[in-house]
Amino acid sequence: MSTPNSSSDPRRPGKVHRYTRPSVGGLVDDPTAEYMNLFGMIFSMCGLMLKLKWCAWAAVYCAFISFANARSSDDTKQMLSSFMLSVSAVFMSYLQNPQPMMLPW
Amino acid sequence: MKNAILWLSLCYVCLMVCRTKSANPHNAEIEDNDFAEFEDFEDDEHADTAQTDKAAPSPKPDHPKIVMAPEADIDPDQADDEDEDDDGLVEIEGDEFDHFQDDEEFEGFDREKSSKVKGQEKPPDLKITPVPAYLQNNWESFYLEMLMLAGLAVYFINFLAGKSKNNTLSTAWFNVHRSLLDEHFAFVGDDGTSQEMQSGVLVKESENIYTLWCSGRVCCEGMLVTLKLLKRQDLVSTLARMFRPASDQVIIKVMLESAEIDTFVMCLANKKVIGKLQKEMVDLNYFCPEKRKLDDRIPPTFQLLSEISEASTAVIDTKVITALNQFENLIEYIHISDQYCGPRIQDEAQPSKMPETTKIMMFCFNVPGKGQCSPKDMEAMKPLMMMVFHCLEKVRKIRLSREAKTKADKNRQRLAESYSKASHVQRSEAAQERREKKRRAEKERMMAEDDPDRQRKLEEKTLKKEQKKKQPKVKMMKIKAM
């Protein structure tokens, strides 16, 4: 494959177009972050209301996974709020019942 | 003399009886005082309580039977006399003190309670509750919590390491290809947000996706390079990759100018992904229903979908075949289309409106290493970028024959008609529904009308309308008088 020589320079400075981001609506390629965000909130609520320690810990994990898979264009406030909610669920469940977590068997 | 002795003996016996009566049958301490005679009652009370105690170990002593012992001092003569005096035996029974056993004689005395109290004297059972786990100074009981925290720490460490690795790989790719891109484009690397255009910006879409926009070249509006790296920052994905290995990918999307490409759709892809592409991509699904036969020189791992065979033959020339053989594992697919509109939206059953199409060339390359790549592996991808520019120049020069052009145009027209039919059907269905609703509303209004005259008038009105609709439409034409 031959590289273009100087006489046939393909560059055209007058034809420069600015980059336009594709509209983030409709389908998302990878919905992992959204699903994990949702699960995190559900687990946090279960941990707070039903006083289940394992739910609270699962919420923390979901928040971490959501953060790791999030895009730069995603709202950081929402991620931060779900993370704080999960941490508060862990704290509240241990404040109400300081016993260590037990395995079900 | 005998009588005197008899009287003396009788007196003596009486004295003895009195003495025994006044004596302490229960061995109580008797004080020799004025109140000695009252001490009998105290002794008798104790006797009552002793009698009421059922659990008393010692048997209740009955009132003693007092039998006079024979007098030792008495003369034998008197003894003979005493034999005659056996009738003088005094037997004292316990009946005289029964009133001490009577409950009614005493006030405020609970016999049952006292017996109960005496009955509950066995030692109580002590239940020793174990000390709760959280009050123990024993951190070992929190082993699950330690495990959770350890898991989070591992995840976080993996996140930092994965993020750093991806950043290194993307930067390495950019550094390797920068010079080549600068030769072909006037402007390399624009983030699209800043007011002044800044070159050399590799946009970070997420921790594993990086994009690079290049523009300012003949025959194309621009080129978007997407580095779709593996999710090394996510521990769950890393563990999943142990079971299903995957590669980092570089997706190059060249936006062609309208006049630069003729009308054809083709896709040369690895047989593992060609089926999925044909299902998902709208243009491939419609224009390339069947797979075409490939040149024998091309490795059998590749398959071809093509609308116009002469166009695909023109694109896949000797140099491309050489590259296909050399980089067989690295080339995922090459998709060239003038009707590209992206993947099919699963939710929509039948889209009524024809989607907007663009003319594009898409190349998907796998980074060598199968997930275990290093920055040095980016050097091996430079020839693939050169192949992209070669294909671009080739596509720009392709001109279809008349038959091929007619065939392509017919296909596009058929597609446009199908969309317009679908939209027409939808519109007519919507209109029919609206008419039905209106008719139903009118009927309901008629039924709800109380006045029979008004009801009749409404009925006549609706009948007239229906008759008018049934009549054929006649066009009135005006003829000008000469």
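The values are calculated or read from the model by the stated rules, or taken from the named source; none is laboratory data. Remember, it's a predicted structure, so these values are computed and weren't measured experimentally. Note that we place each Cβ from the backbone using ideal geometry, even for glycine, and neighbour counts take in every protein chain shown.
Annotations
- Positions within segment B:368-421 being away from every other protein chain (no Cβ under 14 Å), without any contact (Cβ under 8 Å) to a residue 40 or more places away in the chain, more than 29 Å from B:Phe243 (Cα to Cα) and among the charged types (D, E, K, R), in sequence order: B:Arg402, B:Glu403, B:Lys410, B:Arg414, B:Glu417, B:Lys421
- Residue identified as modelled with pLDDT of 95 or more, loosely packed, with under 12 Cβ neighbours inside 10 Å and assigned to a helix (DSSP H, G or I) among B:Ala150, B:Ala161: B:Ala150
- Listing of helices (runs of 4 or more DSSP H) fully contained in segment B:238-332 that carry 3 or more residues being over 27 Å from B:Val176 (Cα atoms): B:271-280, B:282-287, B:309-315
- Some residue of segment B:335-354 being assigned to a helix (DSSP H, G or I) and on the phi < 0 side of the Ramachandran plot: no
- Options B:Leu89, B:Leu126; residue that is at pLDDT 75 or above and either more than 30 Å from B:Trp213 (Cβ to Cβ) or not polar (S, T, N, Q) (or both): B:Leu126
- The set of residues from segment B:219-265 being at the interface with chain A (Cβ under 10 Å from one of its Cβ atoms) and more than 39 Å from the chain's Cα centre (by Cα) comprises B:Cys219, B:Cys220, B:Glu221, B:Gly222, B:Met255, B:Glu257.
- Matching residues in segment B:211-230 - criterion: being touching a helix residue (DSSP H, G or I) at 6+ places or on another chain (Cβ under 6 Å) and closer than 16 Å to B:Asn366 by Cβ: B:Leu227, B:Leu229
- Residue tally, condition without any contact (Cβ under 8 Å) to a residue 40 or more places away in the chain, among the hydroxyl-bearing types (Ser, Thr, Tyr) and out of contact with any strand residue (DSSP E or B) (no Cβ under 8 Å at 6 or more places or on another chain), over segment B:214-273: 1
- Of all residues in segment B:198-218, those that are at the interface with chain A (Cβ under 7 Å from one of its Cβ atoms) and not charged (D, E, K, R) total 5.
- One residue from B:Glu449, B:Glu393, B:Glu433, B:Glu444 being over 30 Å from B:Asn208 (Cβ atoms), surrounded by 14 or more Cβ atoms within 10 Å (Cβ to Cβ), charged (D, E, K, R) and not assigned by TED's automatic domain parsing to the domain that holds B:Ser337: B:Glu449
- Of the criteria (1) under 30 Å from B:Leu181 (Cβ atoms); (2) assigned to a helix (DSSP H, G or I), which one A:Phe43 fails: (1)
- Test: residue in segment A:17-38 that is within 9 Å of chain B (Cβ to nearest Cβ), under 18 Å from B:Leu147 (Cβ atoms) and touching a helix residue (DSSP H, G or I) at 6+ places or on another chain (Cβ under 8 Å): no
- Hey, A:Ser2 more than 7 Å from chain B (Cβ to nearest Cβ), modelled with pLDDT under 85, within 30 Å of B:Thr318 (Cα to Cα) and in a helix (DSSP H, G or I) or not: no
- Residue within segment B:330-348 that is farther than 18 Å from B:Met223 by Cα and among the aromatic types (Phe, Trp, Tyr) present: no
- Residue count for segment B:165-201, restricted to those that are at negative phi, among the small types (Gly, Ala, Ser) and either not assigned by TED's automatic domain parsing to the domain that holds B:Asp377 or not in a helix (DSSP H, G or I) (or both): 3
Conditions tested, residue by residue: (1) basic (Lys, Arg); (2) within 13 Å of chain B (Cβ to nearest Cβ); (3) surrounded by fewer than 21 Cβ atoms within 10 Å (Cβ to Cβ); (4) under 19 Å from B:Tyr143 (Cα atoms).
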site	(1), (2), (3), (4)
A:Lys53	yes, yes, no, yes
A:Trp57	no, yes, no, yes
A:Ser66	no, yes, no, no
A:Asn69	no, yes, no, no
A:Asp75	no, no, yes, no
A:Gln78	no, no, yes, no
A:Asn97	no, yes, yes, yes
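- Within segment B:171-186, the residues that satisfy the criterion of being in contact with a strand residue (DSSP E or B) (Cβ under 9 Å, 6 or more places away or on another chain) and within 14 Å of another protein chain (Cβ to nearest Cβ) are B:His177, B:Leu181, B:Asp182, B:Glu183, B:His184, B:Phe185, B:Ala186.
- For beta carbons closer than 8 Å, sequence separation of 6+ or different chains, a first residue in segment B:318-345 that is away from every other protein chain (no Cβ under 11 Å) and a second that is among the acidic types (Asp, Glu), the qualifying pairs are B:Ile321/B:Asp295; B:Ser337/B:Asp283; B:Asp338/B:Asp262; B:Gln339/B:Asp283; B:Tyr340/B:Asp283; B:Cys341/B:Asp283; B:Cys341/B:Glu356.
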